[in-house]
Amino acid sequence: MSTVTEIDSAAPAAVRPARPPYKVTGRRVLRSEWAKLWSLRSTWITLGLGLLFLIAFGLIAAAHYKSSYDGGHLRPDDANSTALDISLFGTNFAQLALGVLGVLVTAGEYSTGMIRSTLAAVPRRLPVLWSKAAVFGVVALGVSLVGVFVAFPIVSGIVSGTPAALSFSHAGVARSLLGAGLYLGLVGVIGTALGAWLRSVAGGISVLVASLMLVPGLIELLPSSWQDNISPYLPSNAGQAMFALTHDSTTLSPGAGLLVFLAWTALALGGAAYRLVKTDA
Amino acid sequence: MIEAQQLTKRYGEKTAVDRLDFVVKPGTVTGFLGPNGAGKSTTMRMIVGLDAPTSGTVTVNGRPYAEHVAPLQEVGALLEAKSIHPGRSAFDHLMAQAYTHGIPRRRVDEVIELTGLQSVAKKRAGAFSLGMGQRLGIAAALLGDPATVMLDEPVNGLDPEGVLWIRNLLTGLAADGRTVFVSSHLMSEMALVADHLIIVGRGRLLADTTVRDLVRTAGGDTVTVASEQPARLREVLAGPGVEITGEVGSEELHVTGLTARAIGIRAAEHGIPLFELSARTVSLEQAFMDLTRDAVEYHGTTTVETPGRAA
């Protein structure tokens with residue numbers, strides 16, 4: 001005890017040597033979130049699954065279509081299918097993988113306690129949310145684009161010579177594939193936003209699955225005049241409009257679909273930002 | 001330097017931190033003591049901006065924590081609850097923290113070495129023992145070479161070697177001129193490292209004092225003396241700096257400001273027979289228990305004596 005007291009009086013003003021010029025910047029928070037994403041095994045596994053779903057399910061669907069056609073017992077549902085629809089068959093499954101990983105990116109920090117370290121380093125908080133959403137959105141977009149652009153040529157090759165045959169140069173194909181990638185990237189962003197908003201992995205996944213998969217079914221219980229007004233604007237339907245090859249009066253155009261889906265994304269991010277700033281970590 | 005002014009945190013009906021005023025100064029180890037649930041962790045969370053105060057303010061080196069351009073350089077905090085992702089390696093965890101501030105990899109290696117984590121740095125933090133986890137938390141706290149180091153219950157669950165390591169670390173950090181703020185519910189542990197003590201109970205400040213003053217005000221140098229003639233003995237012992245208390249009709253007196261030896265000699269000079277003469281040694285532990293027991297019993301009143309005033 002006495003030694004400490006001596007030191008205390010010897011260094012009164014606490015003059016310390018020049019300190020390194022550390023500073024928190026937006027770019028550095030992005031760098032940190034990038035490093036955090038890739039330093040977890042679950043990221044690699046889930047992204048791998050997402051990619052696998054996109055490619056493998058497209059190929060399986062194509063093989064199934066081809067054998068049905070060759071055997072002459074094509075199901076009526078499949079009669080109007082195109083190589084594009086078939087190659088995007090895996091989108092439904094990939095959106096689950098990417099959305100769930102998005103939820104994990106944010107809600108996982110709350111369930112583990114990591115959020116305390118994160119917010120101690122970036123106490124202004126909002127840069128963390130924007131960085132997580134941006135980093136994961138870009139990664140999900142990249143993985144999805146790889147998936148759809150790998151799946152389509154192979155599927156197209158498998159179903160060539162059938163009514164579903166469609167080449168890459170066909171009008172709208174490239175736009176649809178880009179739309180599908182963009183849709184999945186935004187699903188990832190919505191996942192991160194829901195995770196940050198609800199701060200619970202289970203809650204985030206539930207809301208994600210409900211809004212993308214269950215709500216369209218529930219809407220069918222409404223009177224049909226309501227359905228027509230509401231249905232196209234649901235996240236799932238607006239999202240599908242982004243990558244559908246053909247559009248009719250009951251669906252939005254790809255551009256309108258993108259705008260509506262962006263609005264849903266902004267809503268989720270807004271809720272997440274509000275809670276992040278307003279409530280204790 | 002940490003300054004709290006009327007710092008208050010309420011969770012609905014419950015007041016976790018109640019109008020705390022204190023200053024934690026550089027160059028010393030300041031112990032933050034209180035029984036479990038006294039509001040220590042909540043106060044520390046408010047210092048680093050994880051919880052927002054209901055009212056009042058707390059600043060670090062003159063500013064709210066969130067307003068610093070490099071927060072990790074101002075305060076390095078080890079919070080009580082785990083603040084790591086178990087799936088990430090110690091190195092990756094530290095590196096992710098370092099990226100936010102532009103802290104070089106060299107510094108990450110330094111804190112890993114400083115905390116003795118070299119052999120496990122690449123392993124998943126989830127597999128760490130309690131002691132290793134604590135070391136990782138301290139490595140993260142030291143990452144930004146902070147002017148203020150704040151540790152919440154750092155010795156909890158550590159083995160004797162780990163406890164000793166923390167003790168030396170704390171005194172070393174204070175010797176560097178840093179502000180060191182350490183919470184504990186164990187007085188015995190604090191007595192070994194802290195110079196200054198901030199004691200809270202039920203969210204209220206009970207004492208802002210030094211270890212020595214705490215013992216003194218808790219009656220550390222009281223001598224109990226019993227005699228047939230308490231009134232006469234009282235006259236004999238009276239003098240400047242001497243305080244004598246005793247109940248009317250009781251043969252016992254409590255004397256401060258005189259040693260047992262001096263009392264015995266003076267009583268003998270005046271021919272007063274003594275039945276009992278004992279120096280009452282109050283341990284820090286006892287002093288702490290007395291203080292906090294009062295906080296529980298007289299919660300919400302002002303009858304609690306704050307030794308800070310005497311200090």
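Scan segment B:34-85 for residues that are surrounded by 21 or more Cβ atoms within 10 Å (Cβ to Cβ), of a type in the set (K, R) and within 11 Å of chain A (Cβ to nearest Cβ) and the total you get is 1. Restricting the first member to segment A:18-39 and to residues that are at the interface with another protein chain (Cβ under 8 Å from one of its Cβ atoms), and the second to residues that are acidic (D, E) and assigned to a loop (DSSP other than H, G, I, E, B), the beta-carbon pairs closer than 8 Å and six or more apart or on different chains are A:R19/B:D145; A:P20/B:D145.
For B:L206, work out the one condition from (1) more than 14 Å from every other protein chain (Cβ to nearest Cβ); (2) surrounded by fewer than 23 Cβ atoms within 10 Å (Cβ to Cβ); (3) of a type in the set (A, V, I, L, M, F, W, C) it doesn't fulfil. Evaluating B:L206 over (1) more than 14 Å from every other protein chain (Cβ to nearest Cβ); (2) surrounded by fewer than 23 Cβ atoms within 10 Å (Cβ to Cβ); (3) of a type in the set (A, V, I, L, M, F, W, C) leaves (2) as the failure. Here is a list: A:A79, A:A61, A:A14. Which entry is small (G, A, S) and either buried (at least 18 other Cβ atoms within 10 Å of the Cβ) or modelled with pLDDT of 95 or more (or both)? Sole residue among the options that is small (G, A, S) and either buried (at least 18 other Cβ atoms within 10 Å of the Cβ) or modelled with pLDDT of 95 or more (or both): A:A61. Does B:P146 meet the test of being of a type outside the set (A, V, I, L, M, F, W, C) and within 10 Å of chain A (Cβ to nearest Cβ)? The answer is yes for B:P146. In segment A:82-110, which residue that is within 14 Å of another protein chain (Cβ to nearest Cβ), crowded, with 21+ Cβ neighbours inside 10 Å and out of contact with any Phe, Trp or Tyr (no Cβ under 7 Å at 6 or more places or on another chain) is farthest from A:I154 (Cα to Cα)? Looking at the filtered set, the residue picked out is A:E109. Checked against (1) open to solvent by 70 Å² or more (accessible area, probe 1.4 Å); (2) outside any strand (DSSP E or B), B:F275 passes all but condition (2). Residues of segment B:20-33 being open to solvent by 10 Å² or more (accessible area, probe 1.4 Å) and in contact with a His (Cβ under 6 Å, 6 or more places away or on another chain), which ones? Result: B:T28, single match. Residues satisfying the criterion are present in segment B:256-263 (criterion: part of a helix (DSSP H, G or I) and touching a residue at least 12 places away in the same chain (Cβ under 8 Å)). Residues in segment A:157-185 that are in a helix (DSSP H, G or I), of a type outside the set (A, V, I, L, M) and farther than 30 Å from A:G102 by Cβ: 1 in all.
When you check B:R135 against the structure, is it more than 10 Å from chain A (Cβ to nearest Cβ), charged (D, E, K, R), crowded, with 20+ Cβ neighbours inside 10 Å and assigned to a helix (DSSP H, G or I), yes or no? In short, yes. The set of residues in segment A:40-54 being open to solvent by 70 Å² or more (accessible area, probe 1.4 Å) and facing another protein chain (nearest Cβ under 9 Å) consists of A:R41 alone. Among residues of segment A:111-138 that are more than 7 Å from chain B (Cβ to nearest Cβ) and among the aliphatic types (A, V, I, L, M), those with a Cβ under 6 angstrom from a residue that is buried (at least 23 other Cβ atoms within 10 Å of the Cβ) and part of a helix (DSSP H, G or I), sequence gap 6+ or separate chain, pair up as A:I115/A:E109; A:V128/A:T118; A:L129/A:A196; A:L129/A:A272; A:A133/A:V189; A:A133/A:T192; A:V135/A:E33. For segment B:6-14, indicate whether the set of residues that are surrounded by fewer than 24 Cβ atoms within 10 Å (Cβ to Cβ), within 22 Å of A:L276 (Cβ to Cβ) and among the acidic types (D, E) is non-empty. No, there is no match, as no residue in segment B:6-14 is surrounded by fewer than 24 Cβ atoms within 10 Å (Cβ to Cβ), within 22 Å of A:L276 (Cβ to Cβ) and among the acidic types (D, E). Might you let me know whether segment B:238-249 holds any residue that is modelled with pLDDT under 85, acidic (D, E) and part of a loop (DSSP other than H, G, I, E, B)? Checking segment B:238-249: at least one residue is modelled with pLDDT under 85, acidic (D, E) and part of a loop (DSSP other than H, G, I, E, B). In the condition set (1) at pLDDT below 95; (2) buried (at least 22 other Cβ atoms within 10 Å of the Cβ); (3) closer than 24 Å to B:T43 by Cβ, B:A147 is compliant with all but (2). Scanning segment A:172-224 for residues that are free of Cβ contacts under 8 Å to residues at least 60 places away in the same chain and within 23 Å of A:M114 (Cβ to Cβ) gives A:A202, A:S206, A:V207.
The values are calculated or read from the model by the stated rules, or taken from the named source; none is laboratory data. Not measured: the values here are computed from a predicted model. So basically every Cβ, Gly included, is an ideal-geometry build from the backbone, and we count neighbours across all protein chains shown. Please note that ligands, DNA and RNA were not included when accessible areas were found on the heavy atoms of the full protein model with its side chains. Shrake-Rupley method; radii C 1.70, N 1.55, O 1.52, S 1.80 Å.
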